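Below you'll find the structure, written out as structure tokens, and then a few comments.
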Amino acid sequence: MKYDRQPLGEINVVTGAFSYTGQYITRRLLALGKVVRTLTGHSGRAHSLSSQVEVFPLAFDDPRLLREALSGARVLYNTYWIRFPYGQQSYERAIENTRRLFAAAREAGVERIVHVSITNPSLSSPFPYFRGKAVLEQDLIESGLSYAIVRPTVIFGLEDILINNIAWLLRHFPFFPLFGRGDYRLQPVYVEDMAALTVRVGQQQENVIVEAAGPDIFTYKELVALMARILGRQVWLVPAPPGLVLLISKLLAPLVNDVLITRDEIDGLMANLLVSPDEPTGQTHLADWLQAHVAEVGRRYASELARHYR
């Protein structure tokens, strides 16, 4: 899509401005007076931000169109990734797509890339999600472009999937199976805190890698128990073999028409990879947020497949 008007402010590009984290980043950029373009795979979807941003397709197979969308932009905020392989989408393809995006940004003269990664990425990780993120971090660092890499833990907010769907399960069932004993840890970060950090480092000049992590660290069992208490639900938390819980999730999948969780996600959670090694950067406590949104969280199931694959 081309625009004849001349932008009156600095152009920033956000991949997925209508997506979960992307919309929070976009709103903050708009509040700063930035002209925002988005690269999206859902350009036909109605969204409250549609009239405020310039919309281009996320055309990984068309380098010319990618360069056109990025032309004149100072900063690219990249939130593109996949949660799990599905259909023709794979981690290998997501890596190649992101490399094409980085190359187009460089050719278009983009000055800085802010890349959303994950906490604890590693080139030697046994988990393709974390390994793929590490590969792309290395690519960006070696690109010669100015960069900021943001490493979030588990992001929570009204549109999130993990926390919302745990709440949905707690609302609908009298028991909740834990993966093993539930003694592994995670450190949720509020989406507004993560977006604020992401935009802040985008406006800087120096190359940085920053962790986006909240102020609380829970064991998985503590997290689920906290949510059940705030929701006013008496639910039996049942330790179970991870393979059995995965089987239960597959049995529930037709009910919600979605993939509830994958084996890699279970193993990554149990490996304590969702806790930051650095001091927390977020200020919002999950318990406070849950209390404020108890009437909303978990009322509807949030489908990954509906958001990204249908």
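The numbers here are math on the coordinates, done by the rules we state, and not lab data. Remember, predicted model here, so these are calculated numbers, not experimental data. All Cβ positions, even for glycine, are placed from backbone atoms using ideal geometry, and neighbour counts span all protein chains on display.
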**Message:** As a footprinting exposure proxy, order Lys250, Lys221, Lys133, Lys34 by other Cβ within 10 Å, with the fewest listed first.
**Reply:** Lys250, Lys221, Lys34, Lys133
**Asked** If you stretched the chain out fully between Leu252 and Tyr86, how much longer would it get, using 0.36 nm times the residue separation minus the C-alpha to C-alpha distance?
**Response** 58.0 nm
**Rounded Å value of the spacing that divides the Cα centres of segment 96-131 and segment 215-265** = 30
**Request:** Pick out, from Thr219, Pro152, Asn164, the residue whose Cα sits farthest towards the positive end of the charge dipole of the chain, with +1 on the Cβ of Lys and Arg and -1 on the Cβ of Asp and Glu.
**Result:** Asn164
**Item:** Debye log10 I(q)/I(0) for segment 99-191, one point scatterer per Cα, at q = 0.24 Å⁻¹
**Value:** -1.23
**Item:** Per residue, the convex hull volume that the Cα atoms of segment 157-310 enclose (Å³)
**Value:** 128
**Request:** Report the relative contact order of segment 45-180, percent, no decimals, based on alpha-carbon pairs under 8 angstrom and at least 6 residues apart.
**Result:** 21
**Message:** Please check: in the Gaussian network model of the chain (C-alpha springs, under 10 Å), which one of Gly132, Gly33, Gly157 has the largest mean-square fluctuation.
**Reply:** Gly33
**Request:** Sort out for me the Cα centre separation of segment 62-93 from segment 160-199, rounded to whole Å.
**Result:** 27
**Request:** Take a quick pass over the chain and tell me how many lysine pairs come in under 30 angstrom between Cα atoms, counting only ones 8 or more apart or on separate chains.
**Result:** 5
**Prompt:** From Cα coordinates alone, what are the radius of gyration and Dmax values for the chain in angstrom?
**Reply:** 19.5, 60
**Item:** Two-site label geometry, Trp236 and Thr219: point separation in nm, points 7 Å out along Cα→Cβ
**Value:** 2.0
**Within segment 195-274: Cβ-based charge dipole about Cα centre, in debye rounded to nearest 20 (Lys, Arg +1; Asp, Glu -1)** = 340
**Request:** Search the structure for amide H atoms under 5 Å from the amide H of Ile155, placed 1.01 Å from N in the peptide plane, and list their residues when 5 or more places away or on another chain.
**Result:** Val189
**Request:** Would you mind counting up the charge near Val294? Only other residues with Cβ under 13 Å from its Cβ, with Lys and Arg at +1 and Asp and Glu at -1.
**Result:** +2
**Asked** Going 7 Å from the Cα of Leu158 toward and past its Cβ, which residues in segment 264-307 have a backbone nitrogen under 12 Å from where you end up?
**Response** 293-297
**Request:** Return the distance in nm (one decimal) between the two label points of a simple spin-label model at Glu279 and Ser124, each offset 7 Å from Cα along Cα→Cβ.
**Result:** 3.0
**Asked** So how strong a dipole does the chain carry about its Cα centre when Lys and Arg Cβ are +1 and Asp and Glu Cβ are -1, to the nearest 20 debye?
**Response** 680
**Fill in**
Given Cβ charges of +1 for Lys and Arg and -1 for Asp and Glu, the option among Gly202, Thr98, Ile113 whose Cα lies farthest towards the positive end of the dipole of the chain is Thr98
**Cα point-scatterer Debye curve for segment 11-110, base-10 log of I(q)/I(0) at q = 0.14, 0.25 Å⁻¹** = -0.49, -1.41
**Message:** Explain nothing, just the number: dipole magnitude of segment 39-126 about its Cα centre with +1 on each Lys and Arg Cβ and -1 on each Asp and Glu Cβ, in debye rounded to the nearest 20.
**Reply:** 140
**Chain lengthening between Glu142 and Glu10 when straightened (0.36 nm per residue, less Cα-Cα)** = 44.9 nm
